[in-house]
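Student: Shown below is the structure under consideration.
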Amino acid sequence: MTNAIELLGISKSYGSVQALNNIHLTINDGEFFSLLGPSGSGKTTCLKIIAGFEGSQEGHVKLFNEDVTLVPPYKRDLNTVFQDYALFPHMSVRSNIGYSLRIKKVNLEEQNKRIDEILETVKLIGYDLRKPSELSGGQRQRVALARSLINKPKVLLLDEPLGALDLKLREQMQIELKNLQRKFNITFIYVTHDQQEALSMSDRIAVFNNGRVEQIDTPHNIYNKPKTSFVADFIGITTIFPKEDASQFNITKSFSIRPEFISIQSSSSSSSKDFKIKAKVTDIQYQGSFNKIIFESSFRNSLSVFQNTNNNENISYKIDQEYILEFDKKDITLLDD
Amino acid sequence: MINFIVNISDYFYRNKNFLFLLFLLPPLSWLGIIYLGSLLTFLSHSFFSLDGFTGKINYTFTLNTIFELFNSRANFDILIRTVGLALTVTFGSALIGFPIAYYMAKFTSPKVKIFFYIAIMLPLWSSYLVRVYSWKLILAKEGIINWFFGKLHLTWLLDKILSIPYIGGPSLSISYIGMFLVFTYIWLPFMILPIHASLERVPNSLINASLDLGASKRQTFYKVILPLALPGIAAGSIFTFSLTLGDYIIPYIIGTSKFFIGQAVYTHQGTAGNIPLAAAFSLVPIIVMIFYIKTAKKLGAFDAL
């Protein structure tokens, strides 16, 4: 397997603010790789350094085993889809998409052929003479995609490309992006703060926090085997038992437990689960297919439990009432810190 | 009585447009009557003529006064001279103004930007006449520029430049080069500010996108930055061009004895009392400006607005 991108010890600070701290990443060729983290965690800075828009104070960037640390962006064989799309407002859709071909002085016939091809791929036939200002958000997104894909780059960088779209459109674009990636067999490096997006699309995810990479893993492992309490907390809904509380369960490290592994003990049946705690209902949130019931335990942390709403034998829980929650030792995740 | 007032108030509430019109009438009539009315009255005189014997205006429609602009060699030279200088000044202002505006918009911190704003606006807060007279001193034979050239033993070069026909003159302070320098200095803020405003609206991501798509910095400048700054350059050039067309003080103080449109209007309506010819001269900048804006529009200067 070839390495598309390698980051070797990248550090970057803006004045006294450390944006990236000793980042090491290896991204495989053809991989869908996400940089996930809250805003200000350094994921976009990392992308800008890969693209070459920003330099780093320390470390090296390798593109297909070639050191490109000092190579300007226009000489790097990769393309970017920008968060605000960055379409040229004075050019039509067609000239926007054909921009890189004109720069490379590709002959006109070839230009037109490739533009028509890509217009079809992103389903924008008939819109080619419009100005970006005459398009909807989703259409602009497609133009931005087409413009960066027309060169058939080996690596495509995407900076929160779906952030400005509404939920329905976003879900539809997620599927299309994934299909495009498979079709062109390009390495995608995808920056997002949306964990659902990262989990559903990526082959691997790097979770960023405070300029550091907390964990690099497959979506399955990121969700089920988070290494740090930050990752456990950031991805999905979880309850964390810090070290002090964990000792009550005879566990020496802090651990987390997902709501789907917690059950509420009904008075009739006696259960055989490993751990039991008393907790009081503080809130019940209707979520459509399930209820999210929030408990407060004697450890003063809140636990979420899911209850299927389409279950016939539904018990209606009351706020402020105490119940016994239980879970198994095998379902907990031990955390490093 | 109370009832009557309530009725009026109700009427206004229901007929908002009428109330709106009532409020707008005073400013609109100011613009319409005092502003445009007097201008049109004056300009309409260009279609009358002056009786050479009595010195009175003959109020019958004629195109002779307008023809006089083109038939008389002296008058026609005034038009050509003025438009030529206005174009040169506009070009010079854009050439000097663009880099300053570009630096301000893309490379300065907010604090430095405020410094630039003040530096650019500061001259506008002092008297126009004072600034022009200062330049007269700077450019004079005894002035600092001559002194500087003298110190560098380059007086011969300055003399050579001044001896070039058309743009030269007896000294910098009585020459077209001098006028060009002073005009460019005086109108520069009107060029920098619109260009700066248009560049400020170009997001950095557009520049990054262009680099990302393989364009070098130079190509990015010509294909992305310059086209998007064009409306600003056009707006700035409308200021510098039209202000130069109409000015008569700088040609009077710095210029040679050759007239410009502003001076022609001034003498014809003042000492000569030839209001129709003055009006005809005034018509020229307006018509030139209309053509100028139309051409700019055709060339796509306002496409990126």
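The values are calculated or read from the model by the stated rules, or taken from the named source; none is laboratory data. Quantities reported herein were computed from a predicted structural model and do not represent experimental measurements. Backbone-built Cβ (ideal geometry, glycine too); neighbour counts: all protein chains shown. Note: areas computed on protein heavy atoms with side chains; ligands, DNA, RNA excluded. Shrake-Rupley method; radii C 1.70, N 1.55, O 1.52, S 1.80 Å.
Student: What number of residues within the stretch B:188-213 are among the aromatic types (Phe, Trp, Tyr) and either facing chain A (nearest Cβ under 8 Å) or crowded, with 23+ Cβ neighbours inside 10 Å (or both)?
Tutor: Looking only at that region, the number is 0.
Student: Within the stretch B:214-238, can you find the residues that are within 14 Å of another protein chain (Cβ to nearest Cβ), part of a helix (DSSP H, G or I) and either open to solvent by 30 Å² or more (accessible area, probe 1.4 Å) or farther than 22 Å from B:Gly92 by Cα (or both)?
Tutor: B:Lys217, B:Arg218, B:Gln219, B:Thr220, B:Phe221, B:Tyr222, B:Lys223, B:Val224, B:Leu226, B:Pro227, B:Leu230, B:Ile233
Student: Here's something else I'd like to know. Pull out all pairs, ordered by first then second residue, where Cβ-Cβ is under 9 Å, the residues are six or more apart or on different chains, the first lies in the stretch A:135-163 and is facing chain B (nearest Cβ under 10 Å), and the second is among the acidic types (Asp, Glu) and surrounded by 22 or more Cβ atoms within 10 Å (Cβ to Cβ).
Tutor: As it stands, the answer is A:Ser148/B:Asp212; A:Leu157/B:Asp212, since those pairs meet every condition given.
Student: Considering only residues that are in contact with a Gly (Cβ under 7 Å, 6 or more places away or on another chain), closer than 30 Å to A:Ser16 by Cβ and open to solvent by 10 Å² or more (accessible area, probe 1.4 Å), which ones fall in the stretch A:201-243?
Tutor: Of everything in the stretch A:201-243, just one residue is in contact with a Gly (Cβ under 7 Å, 6 or more places away or on another chain), closer than 30 Å to A:Ser16 by Cβ and open to solvent by 10 Å² or more (accessible area, probe 1.4 Å), namely A:Asn209.
Quick grid of which residues meet (1) out of contact with any Lys or Arg (no Cβ under 7 Å at 6 or more places or on another chain); (2) more than 30 Å from B:Asp77 (Cα to Cα); (3) at pLDDT below 90:
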{"residue": "B:Asn204", "(1), (2), (3)": "yes, yes, no"}
{"residue": "B:Ile207", "(1), (2), (3)": "yes, yes, no"}
{"residue": "B:Ile225", "(1), (2), (3)": "yes, yes, no"}
{"residue": "B:Gly236", "(1), (2), (3)": "yes, no, no"}
{"residue": "B:Met289", "(1), (2), (3)": "yes, no, no"}
{"residue": "B:Lys298", "(1), (2), (3)": "yes, no, yes"}
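Student: Something else about it: Identify, by number, the condition in (1) at pLDDT below 95; (2) out of contact with any Gly (no Cβ under 8 Å at 6 or more places or on another chain) that B:Phe91 doesn't meet.
Tutor: The single condition B:Phe91 does not satisfy is (1).
Student: Right, here's the next one. If you check every pair at least six apart or on different chains, which have Cβ atoms under 7 Å apart with a residue in the stretch A:1-25 that is at positive phi first and a residue that is among the aliphatic types (A, V, I, L, M) and open to solvent by less than 80 Å² (accessible area, probe 1.4 Å) second?
Tutor: So the pair list comes out empty.
Student: Would a scan of the stretch A:65-84 turn up a residue that is more than 13 Å from every other protein chain (Cβ to nearest Cβ), open to solvent by 10 Å² or more (accessible area, probe 1.4 Å) and acidic (Asp, Glu)?
Tutor: Yes, some residue in the stretch A:65-84 is more than 13 Å from every other protein chain (Cβ to nearest Cβ), open to solvent by 10 Å² or more (accessible area, probe 1.4 Å) and acidic (Asp, Glu).
Student: Which condition does B:Phe241 not pass, out of (1) within 30 Å of B:Ile261 (Cα to Cα); (2) assigned to a loop (DSSP other than H, G, I, E, B), if it passes all the others?
Tutor: (2)
Student: Being aromatic (Phe, Trp, Tyr) and more than 14 Å from chain B (Cβ to nearest Cβ): is that true of A:Phe88 here?
Tutor: So A:Phe88 does not fit the description; no.
Yes or no, residue by residue, for (1) modelled with pLDDT under 85; (2) of a type outside the set (Asp, Glu); (3) out of contact with any strand residue (DSSP E or B) (no Cβ under 7 Å at 6 or more places or on another chain):
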| position | (1), (2), (3) |
| --- | --- |
| A:Thr218 | no, yes, no |
| A:Lys225 | no, yes, no |
| A:Thr228 | no, yes, no |
| A:Ile235 | no, yes, yes |
| A:Arg258 | no, yes, yes |
| A:Gln265 | yes, yes, no |
| A:Ser269 | yes, yes, yes |
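Student: Of these, A:Leu157, A:Leu162, A:Leu145, which one is open to solvent by less than 10 Å² (accessible area, probe 1.4 Å) and touching a Lys or Arg at 6+ places or on another chain (Cβ under 8 Å)?
Tutor: The match here is A:Leu162.
Student: Quickly run through the stretch A:86-129 and pick out the residues that are surrounded by fewer than 16 Cβ atoms within 10 Å (Cβ to Cβ) and part of a loop (DSSP other than H, G, I, E, B).
Tutor: Selection gives A:Lys104, A:Lys105, A:Asn107, A:Lys123, A:Ile125, A:Gly126, A:Leu129.
Student: When you go through A:Thr44, A:Thr80, A:Thr26, A:Thr69 one by one, which is the residue that is of a type in the set (S, T, N, Q) and part of a helix (DSSP H, G or I)?
Tutor: A:Thr44
Student: Do we find a residue being open to solvent by 50 Å² or more (accessible area, probe 1.4 Å) and touching a residue at least 12 places away in the same chain (Cβ under 8 Å) anywhere in the stretch B:120-127?
Tutor: yes
Student: Still on this model: Here are B:Leu283, B:Leu211, B:Leu277: which of them is within 30 Å of A:Phe82 (Cβ to Cβ) and part of a helix (DSSP H, G or I)?
Tutor: Result of the check over B:Leu283, B:Leu211, B:Leu277: B:Leu211.
Student: Taking B:Lys141 and the conditions (1) closer than 25 Å to B:Asp247 by Cα; (2) not in a loop (DSSP other than H, G, I, E, B), which numbered condition does it fall short on, given that it satisfies the others?
Tutor: (2)
Student: Follow-up question, since we're still on this one. Identify, by number, the condition in (1) part of a loop (DSSP other than H, G, I, E, B); (2) crowded, with 21+ Cβ neighbours inside 10 Å that A:Ile49 doesn't meet.
Tutor: Evaluating A:Ile49 over (1) part of a loop (DSSP other than H, G, I, E, B); (2) crowded, with 21+ Cβ neighbours inside 10 Å leaves (1) as the failure.
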